[in-house]
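Contents: one structure, followed by commentary.
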Amino acid sequence: MARKTTATPAKKAAAPKHQKPTTVLLVRHGTTPTTGKVLPGRAPGLHLADDGVQQAERAAERIAEVAKVDAVYCSPLERAKETAAPIGKAVGMRPKVDRGLLECDFGDWTGAELKKLMKLPEWRTVQKAPSTFRFPNGESFTEMQVRIVTALDRLRAQHPGGTIVCVSHADPIKAAMAHALGTHIDLFQRIVISTCSISGIAWSTDGPIALTVNSTGGSLRDLTPS
């Protein structure tokens with residue numbers, strides 16, 4: 001007579017452990033002497049104007065209100081490093097340079113006056129269909145978005161559940177916020193990122209969630225997902 005066997009129930013896979021998201025504070029650099037006049041791009045030697053220095057100090061005061069900042073990162077360009085310096089001082093962290101936070105590579109358009117660029121037929125494409133445009137001998141907007149999003153995902157993974165500050169430039173921050181909002185890159189020009197504004201993202205293994213965009217005043221203490 002065959003022995004009766006009882007099947008052993010399969011063990012249920014353990015549910016993935018929930019990880020608190022990392023709060024990423026994106027700060028655009030302060031005003032420079034060419035802001036709104038020239039497309040400086042990655043050209044070296046552009047420093048903050050006096051107003052920009054004051055803006056950076058105010059941004060540092062706002063960020064210092066956050067309970068704890070785990071790291072401060074910045075683009076390698078002077079205007080970004082000069083904006084990151086008072087922030088780092090305010091939170092007791094030395095800013096670290098990360099090339100993933102660089103300005104878009106505008107190629108042959110680097111250093112051109114905006115009023116002249118606006119007269120070019122390509123300018124409408126830049127504004128209305130940026131996903132189809134590549135700056136001559138430079139970067140495309142799509143490449144820029146992939147670069148900044150990849151950099152932020154890498155940096156947030158180094159500080160799980162913490163808060164990090166990333167000082168960058170208008171177009172990369174707009175592209176990162178468009179990604180967090182689930183907005184196509186062709187619509188990212190509708191996002192305004194003012195000098196020394198602070199935009200917040202809660203970033204976890206499930207992806208990014210936009211907390212605030214272009215904040216220029218008020219407290220950052222309550223920047224948490226609802």
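Bear in mind these aren't lab numbers, they're just calculated from the coordinates by the rules spelled out. If you're wondering where the values come from, they're calculated on a predicted model, not measured in any experiment. FYI the Cβ positions are ideal-geometry reconstructions off the backbone, even for glycines, and counts take in every protein chain you see.
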*Rounded to 10°, Cα long-axis angle of helix 170-181 versus longest principal axis of the chain*: 30
*Where does helix 78-91 land angle-wise versus the long Cα axis of the chain, in degrees 0 to 90, nearest 10?*
50
*How many angstrom separate the Cα center of the range 183-200 from the Cα center of the range 102-135?*
16
*Segment residue 131-residue 146, length gained on full extension (0.36 nm per residue, minus Cα span)*: 4.2 nm
*Integer Hz, Karplus 6.51/-1.76/1.60 couplings in order for the range 108-123, x for Gly and Pro*: 5, 7, 4, x, 6, 6, 5, 5, 7, 5, 5, 8, 6, x, 5, 4
*asked:* Using a Förster radius of 25 Å, what is the FRET efficiency between residue 154 and residue 94 based on their Cβ-Cβ separation? Nearest 0.05, please.
replied: 0.85
*Under a 5 Å amide H to amide H cut-off, with H placed in plane at 1.01 Å, what residues pair with residue 38 once short-range neighbours are removed?*
114
*Contact order normalised by residue count of the range 22-215, Cα under 8 Å, 6+ apart, percent*: 32
*When percent of Cα pairs over 26 Å apart is calculated directly from the model, which label among [x] 38; [y] 47; [z] 44 fits?*
[x]
*Here are some pairs, 37/116; 68/89; 128/174; 89/174; 37/115; which of them have Cα atoms lying more than 18 Å apart in this structure?*
89/174
*Using R₀ = 35 Å, calculate the FRET efficiency as 1/(1 + (r/R₀)^6) where r is the Cβ-Cβ separation of residue 114 and residue 183; round to 0.05.*
0.90
*asked:* Using only the alpha-carbon atoms, how far is helix 141-157 inclined from the longest principal axis of the chain? Give it as 0 to 90 degrees, nearest 10.
replied: 50
_Going 7 Å from the Cα of residue 209 along its beta-carbon direction, which residues of the range 149-166 have the amide nitrogen within less than 15 Å of the resulting point?_
161-162
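Based on the mean of other beta carbon atoms within 10 Å per residue, what is the order of 107-119, 75-87, most packed first? Mind showing how you got there, number by number?
Values: 107-119: 13.0, 75-87: 22.9.
Packing proxy ranking, top to bottom: 75-87, 107-119.
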*Choose one of 131, 23, 72: the residue whose Cα lies farthest towards the positive end of the charge dipole of the chain (beta-carbon charges +1 Lys, Arg; -1 Asp, Glu; about the Cα centre).*
23
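What dipole magnitude, in Debye to the nearest 20, does the range 104-154 give about its Cα centre under +1 on Lys/Arg Cβ and -1 on Asp/Glu Cβ?
Working: 8 positive and 7 negative charges, 51 e Å.
My answer is approximately 240 debye.
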*Would you calculate the separation in nanometres between label points at residue 51 and residue 192, each defined as 7 Å from the Cα along the Cα-to-beta-carbon direction?*
1.5
